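Notes to accompany the following structure.
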């Protein structure tokens with residue numbers, strides 16, 4: 001018995017030693033290749049699959065010493081079938097229902113590496129065939145027509161599950177915004193016509209009853225609850241008995257309620273359990289805060305394309321004379337490019353001409369009125385005084401501005417719109433012109449409008465921002481002066497600024513983004529000349545939100561502008577009348593809160609579009625780092641002057657430290 005036990009124990013010990021001695025060998029996934037794919041590039045398909053190719057040696061080295069980036073990737077045979085299924089799923093969702101995917105694995109035992117190849121036989125894609133919408137026959141003709149227009153797709157297009165889903169979501173939103181509170185999207189059935197390569201689609205909805213609002217219930221709490229009347233809150237809610245239930249309008253009105261500043265928290269929603277017949281009540285639940293608030297502030301912003309740090313104080317009076325009106329009195333100062341400031345010299349040299357530190361001092365009084373004139377208009381009247389101290393000039397501005405912001409639905413071509421009227425006096429003192437003073441008064445009217453479709457304000461992964469700013473200055477005082485028979489001494493001009501940014505997702509994890517921005521502006525005097533345009537109405541380039549290889553507002557037009565009599569000619573310090581900027585970024589987010597960016601910025605300013613030359617455009621390249629918070633991303637960008645139109649020597653012929661700029665910022669560059 002003892003001998004048998006001894007033999008068994010010896011065998012177990014032997015097996016244990018051998019098992020532990022045998023290490024599981026790992027094979028590095030050296031390359032992933034795709035062949036025969038025509039419709040989609042290998043770089044696109046690479047983001048579809050689960051397997052990951054090992055990065056280049058540099059990133060593996062960075063990972064080994066910092067833990068950031070990504071280390072070597074190893075072959076996992078169980079991922080191959082997952083990859084094939086993911087590739088088929090991707091092609092299926094884009095109309096290639098006959099796709100066939102096979103794989104080939106090449107193992108190099110000497111280098112312990114694997115080369116993985118996927119062979120893709122795409123075959124012919126299927127186009128959209130008929131689309132039947134089932135469950136909407138009892139709707140009103142206008143709603144039925146709107147839903148059909150939301151969903152129907154051009155039959156010449158290749159089937160796309162993403163496009164179809166977006167269209168169905170838009171149709172579903174139409175139902176929710178026209179009274180059908182309990183509407184639901186049930187399913188989609190796709191019938192493949194393999195002979196004609198058509199995808200015929202049935203879309204099923206359940207609409208339910210159409211509901212109207214019968215009342216708005218108010219539940220308020222908080223220290224200011226007794227001060228704000230229910231009648232006012234019902235008015236701002238924007239709904240009257242008999243209005244159709246509208247989810248989008250509820251969303252907009254909830255934003256309007258929050259913008260009044262009355263609430264710490266607020267919600268507006270339908271009370272679905274209290275429906276009666278075809279009627280439903282709305283309930284407004286809000287916690288109302290203090291009516292008076294005085295608070296100190298730490299100022300961190302990117303005004304004038306520069307990182308500014310400073311202090312401020314704000315007094316807020318809510319419900320000022322009723323009607324949810326808000327008065328705000330604020331004052332602040334900010335130091336520009338604070339990391340370049342020599343604090344030891346500030347108080348020794350502080351004077352008008354000193355440039356030890358640059359920045360601004362600002363004071364303003366603002367009145368805000370929601371639901372102006374009983375309409376979906378947010379009104380603002382602002383009075384301000386600002387001193388802006390720059391290296392070549394000081395600019396003191398006194399002004400008042402009326403602004404009317406119109407609330408628009410999200411799913412429209414233009415989803416933000418505001419118009420404004422401004423009166424402003426600009427006192428400009430140029431240190432480069434022997435402290436010469438130029439005083440300009442403008443009376444301008446303008447409009448801002450555009451569209452935004454991005455999916456996130458902090459880290460957009462798809463969609464676009466498109467904005468237009470149009471402003472015309474001094475026609476009103478010019479006409480008044482002419483009517484009185486006097487000569488007008490100022491300049492009449494118009495200003496146009498167009499900005500477009502787009503975002504493209506490169507990964508199914510939505511952490512790898514390509515971003516693009518183009519910005520162009522033009523100022524044209526049509527009575528008077530360039531000298532009559534205030535300095536703050538011209539264009540500058542350079543800075544944390546502009547060409548990041550240059551400091552804030554460092555890029556100005558070359559040459560000597562024509563200035564008014566009494567001001568000596570010299571190097572230009574005013575901005576240009578023509579601006580062109582474009583930026584490309586690759587953004588990669590990792591470990592949830594961290595990100596790295598590679599960017600290229602191109603652009604400059606000129607004295608008119610006719611002076612534009614490609615060899616005068618500044619080019620900056622660089623790398624940036626991000627830390628993402630719930631409020632905004634904090635960023636550091638290292639911008640290198642790749643091409644300097646004022647110093648056209650090759651980049652490696654210049655001193656390294658004088659050729660790059662460190663930029664700090666809040667939020668993404670665009």
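Yes/no matrix, rows are residues, columns are (1) over 26 Å from residue 212 (Cα atoms); (2) not in a helix (DSSP H, G or I):
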| residue | (1), (2) |
| --- | --- |
| 255 | no, no |
| 273 | no, no |
| 280 | no, yes |
| 286 | no, yes |
| 290 | yes, yes |
| 297 | yes, yes |
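Of all residues in the stretch 396-407, those that are at negative phi and assigned by TED's automatic domain parsing to the domain that holds residue 375 have Cβ atoms under 6 Å from Cβ atoms of residues that are at pLDDT below 95 and outside any strand (DSSP E or B), 6 or more apart or on another chain, in 407/252; 407/376. Does the stretch 162-220 hold any residues that are touching a helix residue (DSSP H, G or I) at 6+ places or on another chain (Cβ under 6 Å) and more than 30 Å from residue 463 (Cβ to Cβ), and which are they? Once the filter is applied, which keeps residues that are touching a helix residue (DSSP H, G or I) at 6+ places or on another chain (Cβ under 6 Å) and more than 30 Å from residue 463 (Cβ to Cβ), the stretch 162-220 yields 216, 218. Flag: residue 224 matches the condition of being outside the structural domain of residue 375 (by TED's automatic domain parsing), surrounded by 19 or more Cβ atoms within 10 Å (Cβ to Cβ), in contact with a strand residue (DSSP E or B) (Cβ under 8 Å, 6 or more places away or on another chain) and assigned to a loop (DSSP other than H, G, I, E, B). The number of residues in the stretch 335-394 being modelled with pLDDT under 65 and buried (at least 17 other Cβ atoms within 10 Å of the Cβ) comes to 0.
If the condition is being surrounded by fewer than 20 Cβ atoms within 10 Å (Cβ to Cβ) and closer than 30 Å to residue 181 by Cβ, then the stretch 275-314 contributes 275, 276, 277, 278, 279, 281, 283, 285, 287. Tallying residues that are more than 26 Å from the chain's Cα centre (by Cα) and either buried (at least 18 other Cβ atoms within 10 Å of the Cβ) or closer than 14 Å to residue 216 by Cβ (or both) within the stretch 247-274 yields 7. Of 634, 640, all but one fail to be touching a helix residue (DSSP H, G or I) at 6+ places or on another chain (Cβ under 8 Å) and either buried (at least 16 other Cβ atoms within 10 Å of the Cβ) or within 28 Å of residue 467 (Cβ to Cβ) (or both); the exception is 640.
The residue that is nearest to residue 614 (Cα to Cα), among those in the stretch 564-585 that are in contact with a strand residue (DSSP E or B) (Cβ under 8 Å, 6 or more places away or on another chain) and at pLDDT below 80, is 573.
Here is a yes/no grid of residues against (1) under 30 Å from residue 588 (Cβ atoms); (2) surrounded by 15 or more Cβ atoms within 10 Å (Cβ to Cβ); (3) free of Cβ contacts under 8 Å to residues at least 40 places away in the same chain:
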{"site": "438", "(1), (2), (3)": "no, yes, no"}
{"site": "477", "(1), (2), (3)": "no, yes, yes"}
{"site": "481", "(1), (2), (3)": "no, yes, yes"}
{"site": "491", "(1), (2), (3)": "no, yes, no"}
{"site": "503", "(1), (2), (3)": "yes, yes, no"}
{"site": "506", "(1), (2), (3)": "yes, yes, no"}
{"site": "516", "(1), (2), (3)": "yes, yes, no"}
{"site": "522", "(1), (2), (3)": "no, yes, no"}
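Looking only at residues in the stretch 227-246 that are crowded, with 19+ Cβ neighbours inside 10 Å and either touching a strand residue (DSSP E or B) at 6+ places or on another chain (Cβ under 7 Å) or modelled with pLDDT of 90 or more (or both), the one that is farthest from residue 409 (Cα to Cα) is 228. Look through the stretch 136-167, keep the residues that are over 33 Å from the mean Cα position of the chain (by Cα) and buried (at least 17 other Cβ atoms within 10 Å of the Cβ), and return whichever of them is nearest to residue 39 (Cα to Cα). Result: 136. Restricted to strands (runs of 3 or more DSSP E) entirely inside the stretch 74-189, those with at least 1 residues that are within 26 Å of residue 507 (Cβ to Cβ) are 100-108, 113-121. Look at residue 329 and say whether it is outside any helix (DSSP H, G or I), modelled with pLDDT of 80 or more, more than 27 Å from the chain's Cα centre (by Cα) and surrounded by fewer than 16 Cβ atoms within 10 Å (Cβ to Cβ). Yes: the conditions hold for residue 329.
The values are calculated or read from the model by the stated rules, or taken from the named source; none is laboratory data. Just so it is clear, the structure is predicted and the values come from calculations on it, not from any experiment. All Cβ positions, even for glycine, are placed from backbone atoms using ideal geometry, and neighbour counts span all protein chains on display.
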